[in-house]
Amino acid sequence: MEKSSSKVSVLFMLFSTLFCVCLITANVLETKQISVGGVSLTGGLLVFPISYIINDCVCEVWGYGKARLLIWLGFAMNFFFVLMGALCDAIPGAPFWNNDAGFHAIFGLAPRICAASFVAFLAGSFVNAYVMSRMKISSGGKNFFARAILSTVWGESVDSLIFFPLALLGPVPARELPALMVWQVVLKTVYEIIVFPITNRVVKHVKRHEGEDVYDNGISYNVFKLFSL
């Protein structure tokens, strides 16, 4: 059932919308530190792993080309959100407005953290999609569980290795960063393992509905070939 099209379907548009919403929501939730089982984490952990699950689903059904389009779309929408938030934060509040500190805490992201977040997202997402694509070809489409989990481990590892040193080295002691990075990767991977039965059912349903199950034979993995679908 291998089929490839340069068009996008309604389901792909819905996946894309959810992907962008997850990224933007994670940005807002990242501003709160939470504690899970005594481990300090950011609130973005609640929703950010969903973006990797969607990435896996899109790459599995529609192939790397559509995943590449999805990643750049998510990047653009997230960048727009952060840019508008920073602009609004920079504009002086009305005389009766008395919540500048609260608004700034959410939308006044430091340029260093923004840059680290964007670079880490792009690198991690593309590594995730690449690993999914190559493993699907080498396995002949078998072992979706292994492909989904291993691609997440690779993607999240790259994301963490880039984000934490770039964003937090200095304010956070260097000796603390490895533990933070490992916990992020482990918990996000466990998250995906727990919801895998749902992911698997969604992928099977979408494949049947779309009549697509793309194998990326002979494609270019150049991340900048945005419209090469």
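The values are calculated or read from the model by the stated rules, or taken from the named source; none is laboratory data. Being a predicted model, the structure only gives us computed values, none of them experimental. For neighbour counting, all protein chains shown are included, and Cβ atoms are generated from backbone atoms with ideal geometry for every residue, glycine included. Please note that ligands, DNA and RNA were not included when accessible areas were found on the heavy atoms of the full protein model with its side chains. Shrake-Rupley method; radii C 1.70, N 1.55, O 1.52, S 1.80 Å.
Using a probe of 1.4 angstrom, how much of the accessible area of the chain is carbon and sulfur, in percent? Present the calculation step by step, with values, prior to reporting the outcome.
Working: 8410 of 11920 Å².
Carbon-and-sulfur percentage of accessible area, whole number: 71.
Over 5 Å intervals from 0, what percent of Cα-Cα pairs in the range 147-211 sits in each interval?
Result returned by the calculation: 3, 16, 20, 17, 13, 11, 8, 5, 4, 2, 0.
In whole angstrom, and with the biggest value first, how far do the Cα coordinates of the range 74-159 range along each principal axis?
Each principal axis gives a Cα extent; for the range 74-159 these are 64, 19, 18 Å.
Among Val47, Val195, Val61, which one moves the most in a GNM of the chain with springs linking Cα atoms closer than 10 Å?
In this elastic network of the chain, the residue with the biggest mean-square fluctuation among Val47, Val195, Val61 is Val195.
Mind checking the dipole of the range 1-140: about its Cα centre, +1 per Lys or Arg Cβ, -1 per Asp or Glu Cβ, Debye to the nearest 20?
On the way: 8 positive and 6 negative charges, 88 e Å.
Taking the Cα centre of the range 1-140 as origin, the dipole is about 420 debye.
Which of the lysines could be linked to Lys136 by a straight reach, that is with a Cα gap under 16 Å, when you skip same-chain ones fewer than 8 residues away?
Lys3, Lys66, Lys204, Lys207
Roughly what angle does helix 64-90 make with the longest principal axis of the chain, taking Cα atoms, 0 to 90 degrees, to the nearest 10?
Roughly 10 degrees between the two axes.
Nearest 10 degrees, 0 to 90: what angle lies between the long axis of helix 10-29 and the longest principal axis of the chain (Cα atoms)?
Its long axis makes an angle of about 30 degrees.
Enumerate the whole-percent occupancy of each 10 Å bin, from 0 to the last occupied one, for all C-alpha pair distances of the chain.
Bins of 10 Å from zero give 8, 32, 33, 19, 7, 1, 0 percent of pairs.
Using the charge dipole of the chain (Lys, Arg: +1 at Cβ; Asp, Glu: -1 at Cβ; taken about the Cα centre), state which of Val185, Val206, Asn128 has its Cα farthest towards the positive end.
It is Val206, whose Cα lies furthest towards the positive end.
If you line up the long axis of helix 48-62 against the longest principal axis of the chain, both from Cα atoms, how many degrees apart are they, to the nearest 10?
Once rounded, the angle reads 20 degrees.
About the Cα centre of the range 57-153, how large is the charge dipole given +1 on each Lys and Arg Cβ and -1 on each Asp and Glu Cβ? Please answer in debye to the nearest 20. Please list the in-between numbers first.
Values: 7 positive and 3 negative charges, 133 e Å.
Dipole about the Cα centre, nearest 20: 640 debye.
Which of Ile24, Gly155, Phe81 sits closest to the plus end of the dipole of the chain, meaning its Cα is farthest towards the positive end, when Lys and Arg get +1 and Asp and Glu get -1 on the C-beta?
Going by the Cα projections, it comes out as Gly155.
Within the chain, which is the longest segment that contains none of the trypsin sites (Lys or Arg not before Pro) sitting in a DSSP loop with at most 14 other Cβ atoms within 10 Å?
Numbers: sites that count: Lys3, Lys7, Lys32, Lys142, Lys225.
The longest uninterrupted stretch comes out as 33-141.
What translational D, rounded to a whole number of µm²/s, comes out for the range 100-207 from Stokes-Einstein when the hydrodynamic radius is the Kirkwood one over Cα pairs, at 10 °C and 1.306 mPa s? Can you show the working numbers first?
On the way: Rh = 15.6 Å.
D, rounded to a whole number, is 102 µm²/s.
Per residue, how many Å² of accessible area does the range 108-219 show with a 1.4 Å probe? Write down the numbers at each step before the final one.
Details: 5610 Å² over 112 residues.
On a per-residue basis, the range 108-219 sits at 50 Å².
Can you give the longest stretch of the chain with no exposed loop site, where a site means chymotrypsin sites (Phe, Trp or Tyr not before Pro) in a DSSP loop (not H, G, I, E or B) with at most 13 other C-beta atoms within 10 Å?
Working: sites that count: Phe96, Trp97, Phe224, Phe227.
Value returned for the longest uninterrupted segment is 98-223.
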